[in-house]
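Below is one structure, written out as structure tokens; the observations come after it.
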Amino acid sequence: MEDSEDEIDMYIFSADYLFVVAEEAMEVTKYYASGIEGESLIATKNNIHVANERLKMDYTRLREAKIIFLEKYWD
């Protein structure tokens, strides 16, 4: 909301992927989940779980495509 003076602090779980194809580098950012600062601990843990599950699906696709990558998850 453009004219709103209230700000909401948020967090976003995202991953940056850098691919090199035919000697050309391309970067892709993918968003996995988001939340609001100050939400309950359970809500935050659920968002982390959702983000990690979505990340696992992408890692499976990358492995199947025989793409080498560093596997990391959110704590």
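The values are calculated or read from the model by the stated rules, or taken from the named source; none is laboratory data. What you see is a predicted model; the values in this text were computed from it and never measured. Here the Cβ is made from the backbone with ideal geometry for all residues, glycine too, and neighbour counts use every protein chain on show.
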Of the residues in region 33-54, how many are under 15 Å from D9 (Cβ atoms) and part of a strand (DSSP E or B)?
3
When you go through F19, F13 one by one, which is the residue that is touching a helix residue (DSSP H, G or I) at 6+ places or on another chain (Cβ under 8 Å) and not aliphatic (A, V, I, L, M)?
F13
Within region 37-75, restricting attention to residues that are at pLDDT 95 or above and β-branched (V, I, T), which residue is surrounded by the most Cβ atoms within 10 Å (Cβ to Cβ)?
I48
Taking the criterion of being aliphatic (A, V, I, L, M), outside any helix (DSSP H, G or I) and in contact with a strand residue (DSSP E or B) (Cβ under 7 Å, 6 or more places away or on another chain), would at least one residue in region 55-73 satisfy it?
no
Enumerate the pairs (first residue in region 31-46 and without any contact (Cβ under 8 Å) to a residue 24 or more places away in the chain; second residue anywhere and surrounded by 12 or more Cβ atoms within 10 Å (Cβ to Cβ) and assigned to a loop (DSSP other than H, G, I, E, B)) with beta-carbon separation below 9 Å, excluding pairs fewer than 6 apart on the same chain, so at least 6 apart or on different chains.
Y32/W74; A33/W74
So which residues in region 19-36 are of a type in the set (A, V, I, L, M) and modelled with pLDDT of 90 or more, if there are any at all?
A22, A25, M26, V28, A33, I36
